[in-house]
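Written out below as structure tokens is the structure these notes cover.
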Ligand SMILES: [Zn+2]
């Protein structure tokens, strides 16, 4: 984004108490501060950490090494700017049976680096590349039950608000008998900061 556009963007954002910008960890620096100073509200910077699984991260984040993320997070902390982090559920190359665990580990990592908000994004196919990896056995689409379980485990993180991204949630595979209740349970967890998860869904079809 050309630097000369920033004052006008800040002017357009003047009615808002908070502004979130999505940024690559590499581009967080002095220009982030310049923009923050122009805003009348607070600035939150959203960064995709995706996964801390070493093999998957090597495939996904050729440009985002963990130390770059750490430096960006430290910079934001130092300057009192908020950090939001996107973590993936079902990242390619993460073994499906370890999927929930790595999502939780990644969220914990983000929280330990000062993230105040963490969004769990279930990986969605549709771009051809994931379908190719799926055929090779390197990608297993995440399920609704995994999203629910990952979010539930992340409620234990008290220094950040963790939510599940429910966009296109109908595309996640799951038991049709209890789908509606599971979606509702995820939405309850998204809206409630309580560390106590809502009552589990009993389902004879998928228990
Ligand atoms: Zn069920």
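Read-outs: derived from the displayed coordinates by stated rules, not from any lab. Keep in mind that this is a model prediction, so the values were computed, not measured. Here the Cβ positions follow ideal geometry from the backbone for every residue, glycine too, while neighbour counts run over all protein chains shown.
Figures for the structure shown
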| read-out | value |
| --- | --- |
| Residue among 57, 107, 17 with the largest mean-square fluctuation in a Gaussian network model of the chain, springs linking Cα atoms under 10 Å | 17 |
| Cα long-axis angle, helix 144-154 against the chain (0 to 90 degrees, to the nearest 10) | 60 degrees |
| GNM result for the chain, Cα springs below 10 Å: residue of 193, 141, 15 fluctuating most strongly | 15 |
| Residue-averaged 222 nm ellipticity for the chain, from DSSP H runs of 4+ at -39500 (n - 2.57), nearest 500 | -11500 deg cm²/dmol |
| Förster radius 22 Å - calculated FRET efficiency between residue 156 and residue 187, Cβ distance, rounded to 0.05 | 0.70 |
| On Cα atoms only, tilt of 179-191 relative to the major axis of the chain in degrees | 30 degrees |
| For segment 160-207, Kirkwood radius (reciprocal of mean inverse C-alpha pair distance, Å) | 11.8 Å |
| Degrees, to the nearest 10: 99-112 long Cα axis against longest axis of the chain | 30 degrees |
| Estimated translational D of segment 69-145 in µm²/s (Stokes, Kirkwood radius over Cα pairs; 20 °C; 1.002 mPa s) | 157 µm²/s |
| Choice from 191, 89, 151 with maximal GNM fluctuation in the chain (Cα, 10 Å cutoff) | 191 |
| Once the Cα gyration tensor of the chain is diagonalised, semi-axes √(5λ) in Å | 32, 21, 16 |
